[in-house]
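A.B. asks: Encoded as structure tokens, here's the structure I'll be asking about.
The values are calculated or read from the model by the stated rules, or taken from the named source; none is laboratory data. Computed from a prediction, not measured in an experiment: that's the story for all the values here. Every residue, glycine as well, gets a Cβ built from its backbone with ideal geometry; the counts of neighbours run over all protein chains shown. Ligands, DNA and RNA are stripped out before the accessible areas are found, and what is left, the full protein with its side chains, is counted by its heavy atoms. Shrake-Rupley method; radii C 1.70, N 1.55, O 1.52, S 1.80 Å.
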Amino acid sequence: MDEPLAAWGVAHVERHAEIESTNTRAAALAKGNAVALPALVIAARQTAGRGRGANRWWSGEGALTFSLLLDAAADRLPAECWPLLSLATALAVNDALAERLPAERVQLKWPNDVYVSGKKICGILVEAPPARPPRLIVGVGLNVNNSLRGGPEEIRARATSLTDEADQHFDVEEILEDVVRRMLVEMEAVAQRRFDLTSRWDARCLLRGRTVRIDQAPSLVAGRCLGIHIDGSLRVQTLDGERRVYAGVVQSWE
Ligand code: BTN
């Protein structure tokens, strides 16, 4: 068992050189009900990493990809808290990155992306697999030493990595431990209903003050983003008044 991770409360750790998807593996562990929780599944490479919706998540060598499997009941995270988990995780990643980069370059894009200098550096996928007792999976894909500089222009325009931003190599294990520790602290705050969402998120919100278009198929919400509501929804000033957006894909922000 990895000592620092055990010290933060992680009860089971699995490391894979290659796996389909850490979230898929965590779902299998949830079904089998045989490992102590929280459990961490880490992969050096995923062959079928999943993103939100039908998206795939591709991560090159040197990226950090892991999933944290939680016991929702033991961790006091009832269903009404679940929408906050991706926001809490994004804040944990934000704070870990802000220790390694100029903090003002790190921003959060509702509901679950972390951006640096306007480009995506981290995606988060929270899933509740069909398990009894209820389990939660928080998957994190963070570009660390996987430079995108040699990649296609369309990718370089939209995505970045820690090494590209800081021009140095990072210890992925150290970042894993830091992010997981921060995630567990944030989850505990969510469980204790003292998660300081609005002030911390709004200060780092990429969309705040911008005109956003949010796809809520079949409808579209458009307007000026006013920041985050305490319940985790996005506040949007539309022509018909303020709307709270609980789900959807942010298509554009200007
Ligand atoms: C997104 O931005 O759409 C979310 C991407 C989430 C990717 C991570 S990588 C670790 C975990 N395993 C997966 O298959 N997906 C998540």
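A.B. asks: Starting from the range 98-125, take each residue that is of a type in the set (S, T, Y) and list its partners that are within 16 Å of the ligand (Cβ to nearest atom), counting only C-beta distances under 6 angstrom and pairs at least six apart or across chains.
C.D. replies: Y115/Q107; Y115/K109; Y115/L206
A.B. asks: Which of the residues spanning the range 181-204 are surrounded by fewer than 20 Cβ atoms within 10 Å (Cβ to Cβ) and of a type in the set (D, E)?
C.D. replies: E188, D196, D202
A.B. asks: Now for a different question. Taking the range 4-18 as the search range and keeping residues that are within 14 Å of L64 (Cβ to Cβ) and within 14 Å of the ligand (Cβ to nearest atom), which one is least open to solvent (accessible area, probe 1.4 Å)?
C.D. replies: If we take residues in the range 4-18 being within 14 Å of L64 (Cβ to Cβ) and within 14 Å of the ligand (Cβ to nearest atom), then H16 is least open to solvent (accessible area, probe 1.4 Å).
A.B. asks: Given the range 183-254, what strands (runs of 3 or more DSSP E) lie entirely inside it while holding 1 or more residues that are touching a residue at least 40 places away in the same chain (Cβ under 8 Å)?
C.D. replies: 211-216, 219-228, 234-238, 249-253
A.B. asks: Could you please let me know if V138 is within 13 Å of the chain's Cα centre (by Cα) and either more than 14 Å from the ligand (Cβ to nearest atom) or of a type in the set (A, V, I, L, M, F, W, C) (or both)?
C.D. replies: Spelling it out, V138 is indeed within 13 Å of the chain's Cα centre (by Cα) and either more than 14 Å from the ligand (Cβ to nearest atom) or of a type in the set (A, V, I, L, M, F, W, C) (or both).
A.B. asks: Same structure, new question: For G232, only one of the following conditions fails: (1) assigned by TED's automatic domain parsing to the domain that holds L70; (2) under 16 Å from the mean Cα position of the chain (by Cα). What is its number?
C.D. replies: (1)
A.B. asks: Could you list, ordered by first residue, the pairs with Cβ atoms under 6 Å in which the first is in the range 139-167 and not assigned by TED's automatic domain parsing to the domain that holds I121 and the second is of a type in the set (S, T, N, Q), at least 6 apart or interchain?
C.D. replies: Every condition considered, no pair remains.
A.B. asks: Among V106, V126, V93, V114, which is the only one that is within 20 Å of E177 (Cα to Cα), open to solvent by 10 Å² or more (accessible area, probe 1.4 Å) and β-branched (V, I, T)?
C.D. replies: None of the others qualify; the one that does is V126.
A.B. asks: Yes or no: the range 74-81 includes at least one residue that is assigned by TED's automatic domain parsing to the domain that holds E18, within 15 Å of the ligand (Cβ to nearest atom) and either free of Cβ contacts under 8 Å to residues at least 60 places away in the same chain or surrounded by 15 or more Cβ atoms within 10 Å (Cβ to Cβ) (or both).
C.D. replies: no
Here's the yes/no breakdown for (1) within 13 Å of the ligand (Cβ to nearest atom); (2) more than 20 Å from T160 (Cα to Cα); (3) among the charged types (D, E, K, R):
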{"position": "R25", "(1), (2), (3)": "yes, yes, yes"}
{"position": "G32", "(1), (2), (3)": "no, yes, no"}
{"position": "V35", "(1), (2), (3)": "no, yes, no"}
{"position": "R50", "(1), (2), (3)": "yes, no, yes"}
{"position": "A54", "(1), (2), (3)": "yes, yes, no"}
{"position": "W58", "(1), (2), (3)": "yes, no, no"}
{"position": "L69", "(1), (2), (3)": "yes, yes, no"}
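A.B. asks: I need the full set of residues from the range 19-43 which are farther than 30 Å from G248 by Cα, open to solvent by less than 60 Å² (accessible area, probe 1.4 Å) and free of Cβ contacts under 8 Å to residues at least 60 places away in the same chain, in order please.
C.D. replies: G32, V35, A36, listed by residue number.
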